[in-house]
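Some notes on the structure that comes next.
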Amino acid sequence: MQTRTMMAALLLFAVSASASAMMKVKTAKFKVNGRCERCEKRIEKAARAVEGVQTADWDQVSKEMVVTFDTKKTNVKDIQKAIVAIGFTAGKMKPEAGKEQKHDPNCKEGCEDKK
C-alpha cells in the first residue's frame, strides 16, 4: 500500500513538473498614463482580463506597469491593446482620437470612470 501511495505521489509530481515546464513566464514593464487609484483599478483589471496574464501592477507615481504573463498565451502588445481599449496610453500605443481618458472635474485626481 505504501508503495502505491509513493508511486501516485511521484506520478503527480511528474505531471505537475511537466505542466510548469510547458508554461513560459515573462515579466515586462511599460508606462501607462493613468492618474489615480480609480485609474489603477481599471488599468490592472484590463491587463488581468487578458488570458495568460498572471499579475498586473501599475504604480501611480512612476506610471509604470509591471505584468507577468505566460508567453504561450499572450504578449506585451496584446496586454497594451487591452489597456488602450479603455482609454489609456500604454507603452507607445495610444487610444483612437476621441476615446482617450478624459479629465473629470468630480475626481480629485482628475480622472473619469468611463462606462
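The values are calculated or read from the model by the stated rules, or taken from the named source; none is laboratory data. None of the values given here were measured: they were computed from a predicted structure. Cβ placement follows ideal geometry from the backbone for every residue including glycine, while neighbour counts extend to all protein chains displayed. Surface areas here come from the heavy atoms of the whole protein model, side chains and all, with no ligands, DNA or RNA. Shrake-Rupley method; radii C 1.70, N 1.55, O 1.52, S 1.80 Å.
If you go through segment 55-68 and keep only what is among the acidic types (D, E) and either in contact (Cβ under 8 Å) with a residue 60 or more places away in the chain or part of a loop (DSSP other than H, G, I, E, B) (or both), you end up with just D59.
Looking at R35, R42, which is the one that is modelled with pLDDT under 95, open to solvent by 90 Å² or more (accessible area, probe 1.4 Å), more than 10 Å from the chain's Cα centre (by Cα) and under 17 Å from K94 (Cβ atoms)? Can you show your working first?
Details: R42 fails: open to solvent by 90 Å² or more (accessible area, probe 1.4 Å).
After applying the criteria, what remains is R35.
Pairing residues of segment 33-54 that are within 24 Å of T71 (Cα to Cα) with residues that are basic (K, R), at Cβ distances under 8 Å and at least 6 apart in sequence or on separate chains, gives E51/K73; G52/K72; G52/K73. Among the conditions (1) in a strand (DSSP E or B); (2) farther than 26 Å from G98 by Cα, K72 misses just one, which is (1).
Being touching a strand residue (DSSP E or B) at 6+ places or on another chain (Cβ under 8 Å) and of a type outside the set (A, V, I, L, M, F, W, C) is the filter; apply it to segment 64-74 and report the residue that is surrounded by the most Cβ atoms within 10 Å (Cβ to Cβ).
So the first thing to find is which residues in segment 64-74 are touching a strand residue (DSSP E or B) at 6+ places or on another chain (Cβ under 8 Å), and the list is 64-71, 74.
Those left that are additionally of a type outside the set (A, V, I, L, M, F, W, C): 64, 68, 70-71, 74.
Details: E64: 13, T68: 14, D70: 16, T71: 13, T74: 18.
Once the filter is applied, the top-ranked residue is T74.
A single entry from V61, V50 fulfils the requirement of being open to solvent by 60 Å² or more (accessible area, probe 1.4 Å), closer than 21 Å to E100 by Cα and of a type in the set (A, V, I, L, M, F, W, C): V61.
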